[in-house]
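Here is the structure we will look at, set down as structure tokens.
The values are calculated or read from the model by the stated rules, or taken from the named source; none is laboratory data. Source: prediction; values computed, not measured. Cβ: placed from backbone, ideal geometry, glycine included. Neighbour counts: every protein chain shown. When the accessible area is computed, the model is the full protein with side chains, heavy atoms only, and any ligands, DNA or RNA have been set aside. Shrake-Rupley method; radii C 1.70, N 1.55, O 1.52, S 1.80 Å.
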Amino acid sequence: MTAITTYANAKDPNSLLDIVPITGTIGAEIRGVALSGDLDAATVQAIHDALVRHKVIFFRDQHDLDDARHEAFASLFGDPVAHPTVPVAEGSRYLLELDSREGYAASSWHTDVTFVDAYPKGSILRAITIPEAGGDTLWANGETAYEGLPESLRQLVNSLWAVHTNVYDYAAVLQSAPKNNDTENARAAFNKTVFASTIFETEHPVVRVHPVSGQRSLLLGHFVKHFVGLNQADSSRLFQILQDHITRPENIVRWRWRKGDVAFWDNQATQHRAVADFGLQRRNLRRATIAGQVPVGIDGRQSRTVRKEKANYQPA
């Protein structure tokens, strides 16, 4: 078995940024940078380098970052894109609003939008309203998870592919919502918004090669429907084994939000999960996503969309 890479055990002496690692394998806080669309090229490159190295980077007290500046900052790292099925936040061009006022939160491990082929390469989340207690977010490093696999499991996943779909994900999220009149109305509205649009199914390699670093990482999360060539029962058992490796405490960083915080993560090498431990307190954040490229597996094959069609769904 190969040695596990240590990603964040020390400050990078070659960076012009003040970078403070949070764990030895994932996550770092960057201090002294006011985020905007006007950052110089050297700072943008340094932030990108820190992102590839640490997988998720955090910026405190970005209180001047409104929707327009948020989108402008995201555009420094590529093309911002809207969510493929959910409408953009009011007053924005690309932002997705994550708001707990409907009575539920997506507390499940996932990589953003993997039900499409070229899913986002990065996501930038800005905290607007944060609960007094609870509502943290976790991120897991898919690269250290892959490196930590026993050799027999690594050989298995090297050639394994999985089908990802948005139908599977949203059904699971809605089933976790509390049952009352308000959330039933929200459930119906959410169904109409998402299911009445487009159903996607996409085949991805379980081991993705990072387009910048060349590192291998496990690509799973709750969008996975089943593994190619395996039935649902075998897929479920194998999925849980691999997912457990990804979400080991050694691979995880936990961020306690404050209003004005920003988290920027490499969506090509991580999973994340919002912790739904804040009851009915308000939790409101907005997310920009940056267009990615079609993943490539170890053998050079690219991901491919196998289903894209309008849904025929009528809310109850």
Taking region 129-142 and keeping residues touching a Lys or Arg at 6+ places or on another chain (Cβ under 7 Å) and either open to solvent by 20 Å² or more (accessible area, probe 1.4 Å) or of a type in the set (Asp, Glu) (or both) leaves Thr129, Ile130, Asp136, Leu138
Which of (1) assigned to a helix (DSSP H, G or I); (2) under 23 Å from Ile252 (Cβ atoms); (3) modelled with pLDDT of 95 or more; (4) open to solvent by 10 Å² or more (accessible area, probe 1.4 Å) is the odd one out, the single condition Ser152 does not satisfy? (2)
Lone qualifier among Pro80, Pro84 - being open to solvent by 30 Å² or more (accessible area, probe 1.4 Å) and touching a residue at least 60 places away in the same chain (Cβ under 8 Å): Pro84
Identify the single condition in (1) open to solvent by less than 20 Å² (accessible area, probe 1.4 Å); (2) modelled with pLDDT of 95 or more that Ala41 does not satisfy, given that it satisfies every other one. (1)
Failed item in (1) open to solvent by 30 Å² or more (accessible area, probe 1.4 Å); (2) in contact with a Gly (Cβ under 8 Å, 6 or more places away or on another chain); (3) modelled with pLDDT of 95 or more, with Ile57 passing the rest: (1)
Would you mind telling me which numbered condition in (1) in a loop (DSSP other than H, G, I, E, B); (2) in contact with a strand residue (DSSP E or B) (Cβ under 6 Å, 6 or more places away or on another chain) Asp61 fails? (2)
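Does Ala233 fit the bill of being of a type in the set (A, V, I, L, M) and surrounded by 14 or more Cβ atoms within 10 Å (Cβ to Cβ)?
Working: of a type in the set (A, V, I, L, M): yes; surrounded by 14 or more Cβ atoms within 10 Å (Cβ to Cβ): no.
No.
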